[in-house]
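Notes follow the structure.
The values are calculated or read from the model by the stated rules, or taken from the named source; none is laboratory data. Remember, predicted model here, so these are calculated numbers, not experimental data. Please note: Cβ atoms are built from the backbone with ideal geometry, for glycine as well, and neighbour counts cover all protein chains shown.
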């Protein structure tokens, strides 16, 4: 359990090229602010909102935290996943007993998949130009 002098718990989440610095603060109502915007304005698609706040639902904590996140890089899906990992890590710092529930849902694993670099002589990372016999 976090000490009473701690105002917030901070954690970092990453996915592809997106990085999120997440702060959760114990609160009576849930305010989710991402890059100084409300979550509904930052993620207009409901699926991204649900994905970002999934750790609260799966751990059974509910709406007892306010979330403030700073996200850079990547696209909206990668940013939502980065926030998800950051919230999961922060919840574990708050209460270590939540680790089992979050780990079984796969929310503590940093997804290592990222775009492969382009190689010289190729069109993309693995795509080649069409070969002509004659």
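Residue 1 meets each of the listed conditions (1) assigned to a helix (DSSP H, G or I); (2) farther than 28 Å from residue 112 by Cβ; (3) modelled with pLDDT under 95 apart from (1).
Would you confirm, using the coordinates I've provided, whether residue 98 is modelled with pLDDT under 95 and either more than 21 Å from residue 17 (Cβ to Cβ) or within 12 Å of the chain's Cα centre (by Cα) (or both)?
Working: modelled with pLDDT under 95: yes; either more than 21 Å from residue 17 (Cβ to Cβ) or within 12 Å of the chain's Cα centre (by Cα) (or both): yes.
Judged against the criteria, residue 98 is a match.
Residues that are assigned to a strand (DSSP E or B) and either under 15 Å from residue 86 (Cα atoms) or in contact with a strand residue (DSSP E or B) (Cβ under 8 Å, 6 or more places away or on another chain) (or both) within region 23-47 comprise 23, 24, 25, 26, 32, 33, 34, 38, listed in sequence order.
Residue-wise test of (1) in contact with a helix residue (DSSP H, G or I) (Cβ under 9 Å, 6 or more places away or on another chain); (2) assigned to a helix (DSSP H, G or I); (3) free of Cβ contacts under 8 Å to residues at least 60 places away in the same chain.
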position: 13; (1), (2), (3): yes, no, no
position: 21; (1), (2), (3): yes, no, no
position: 57; (1), (2), (3): yes, yes, yes
position: 83; (1), (2), (3): yes, yes, no
position: 88; (1), (2), (3): yes, yes, no
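Of all the listed residues (18, 82), the sole one being closer than 30 Å to residue 116 by Cβ and surrounded by fewer than 22 Cβ atoms within 10 Å (Cβ to Cβ) is 18.
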